[in-house]
Amino acid sequence: MQPRLTSSTALLLTVPPLLWAGNAVVGRMVHQLVPPMTLNLLRWSIALLILLPLAGSVFRRTSPLWPAWRRFALLGLLGIGLYNSLQYLALQSSSPINVTLVAASMPVWMLLIGGLFFNAPIRRRPLIGAVLSIAGVLLVLSRGDWAQLMALHLVAGDLFMIAASIAWSLYSWMLTQPKEPPDIRRDWSAFLLAQVGFGVLWSSVFTSAEWAIAPRQIAWSWPLAAALLYVAVGPAIIAFRCWGAGVRRAGPTVAGFFSNLTPLFAAMMSLAFLGEMPHLYHVAAFALIVGGIVFSSMR
């Protein structure tokens, strides 16, 4: 039976898209000040320092974390190391609106990964909702000209965001499998800190490779410091907390449709902070995406 979507669960699942839209806009604003992998490492290192006073005991030698370290290492790789790094990498060559609209393919990946790896049946209503959402994605990729789909060439940012969406879908489905030690799973700060600890290690590896391949200088400034604080507290700690709770209540399939609210918020923020005007095809894409959310969530 499909989990019931309550108003409180809907609120939990709406907060992350709002914060992630801000993450996309801020990532675009500072993309010339700091390299993408380095930005992700700095972001989660700050989040780690914030969470340590709340749940630092999770790293003690006697902690139940260590028997399950492989699972937390995989969660940290998918949700923190890969997803966020790939998104910042995508923002190097694409706008926040396009990046978040490409990420609207999330419901499709949620359905496919759930069916392939987690024995989740693919039901008709979520499938139709996913078709509506992916139509919105194709609309923005074709820039509003359906004839261009035959000769469509994805830019690097689009491909990076598709890979990020697949990683996030795997991460979300893993959250529904209660394999963590109960003491850690019941404490949201310990559960998140365990992931962040391993995620920072993965991000350090990616950042080392980034600097080895193409070293760049970080243009330190107060705006950059403010941006780092925002992406560490809002899109990281608060959004991950709300998303984890929402996924456990509603399931990854329904939650995946809420992630498609991100382009709506990104368009408004891009207009306000970057001066990037949305086009008519963006409006049509928004309508298809919201239609997919409403249809898939109907009882």
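Here, each number is a calculation from the coordinates, and none is a lab measurement. These figures come from a predicted structure and were not determined experimentally. As a convention, Cβ positions derive from the backbone with ideal geometry for all residues, glycine included, and neighbour counts pool all protein chains shown.
Restricting the chymotrypsin sites (Phe, Trp or Tyr not before Pro) of the range 188-224 to loop positions (DSSP other than H, G, I, E, B) with no more than 16 neighbouring Cβ atoms within 10 Å leaves TRP220. So if I average 1/r over every pair of distinct C-alpha atoms in the range 1-76 and take the inverse, what Kirkwood radius in Å does that give? Answer for the range 1-76: a Kirkwood hydrodynamic radius of 15.9 Å.
The range 203-246 and the range 70-134 have Cα centres lying 20 Å from one another.
Remark: the range 7-297 projects, on average over all directions, an area of 15.5 nm² (convex hull of Cα atoms).
Peptides 62-72, 156-166, 105-115, ordered by how many other C-beta atoms sit within 10 Å of their residues on average, highest first, read 105-115, 156-166, 62-72.
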